[in-house]
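See structure below.
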């Protein structure tokens, strides 16, 4: 469960606005609520709307269940990883479960792809790097006695470094192909 609490984010931002108003800060402060942060579209929309125009510095915040309520953690640099969604469609040849030799089992192929994807982090990534590849959804098949003709894998790649991001996306593509 993601559970970062967009209502909590909005409440924190409104609370900050109220405190800044009470203190009459002698500067312009812009408070930005970024919608849709998980898919990246929210940041793009904020930028295109001019939310970052003439901004000299910025603080980002995110509710995190690992941080106790009422606490504030300050950290320089990246704290939350980038997120890239992937969707892999696997095509096989459907057939009766009693005749596997006449089929191409898409669920079996999908399972091999999942193992390969887990190997990206386990065997192709420097252990000191922050890289996570998650397969969060796997679908395939139509019945218990039919070998699946298609399967779908959906997941995310999360990294803190642009170079690792590019390398990991490439590795996912190679395995999927």
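Numbers below:
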| item | result |
| --- | --- |
| Among (1) assigned to a helix (DSSP H, G or I); (2) surrounded by fewer than 18 Cβ atoms within 10 Å (Cβ to Cβ); (3) in contact with a strand residue (DSSP E or B) (Cβ under 6 Å, 6 or more places away or on another chain) - the single one residue 110 does not satisfy | (2) |
| Residues satisfying the stated conditions in region 126-166, i.e. buried (at least 18 other Cβ atoms within 10 Å of the Cβ), farther than 20 Å from residue 112 by Cβ and more than 13 Å from the chain's Cα centre (by Cα) | 164 |
| Test set (1) in the same structural domain as residue 170 (by TED's automatic domain parsing); (2) surrounded by fewer than 12 Cβ atoms within 10 Å (Cβ to Cβ); (3) farther than 26 Å from residue 157 by Cα - residue 50 fails condition number | (1) |
| Every residue from region 120-149 that is without any contact (Cβ under 8 Å) to a residue 12 or more places away in the chain and either outside the structural domain of residue 170 (by TED's automatic domain parsing) or in a helix (DSSP H, G or I) (or both) | 122, 123 |
| Region 26-47, residues that are assigned to a loop (DSSP other than H, G, I, E, B) and either closer than 27 Å to residue 158 by Cβ or modelled with pLDDT under 80 (or both) | 31, 32, 33, 34, 35, 36, 37, 38, 39, 40 |
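Quick grid of which residues meet (1) touching a residue at least 60 places away in the same chain (Cβ under 8 Å); (2) within 23 Å of the chain's Cα centre (by Cα); (3) more than 25 Å from residue 142 (Cα to Cα):
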{"site": "26", "(1), (2), (3)": "no, no, yes"}
{"site": "33", "(1), (2), (3)": "no, yes, yes"}
{"site": "67", "(1), (2), (3)": "no, yes, yes"}
{"site": "72", "(1), (2), (3)": "no, no, yes"}
{"site": "77", "(1), (2), (3)": "no, yes, yes"}
{"site": "90", "(1), (2), (3)": "yes, yes, no"}
{"site": "104", "(1), (2), (3)": "no, no, no"}
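The values are calculated or read from the model by the stated rules, or taken from the named source; none is laboratory data. A quick note: this is a predicted structure, and the numbers were derived from the prediction, not measured. For neighbour counting, all protein chains shown are included, and Cβ atoms are generated from backbone atoms with ideal geometry for every residue, glycine included.
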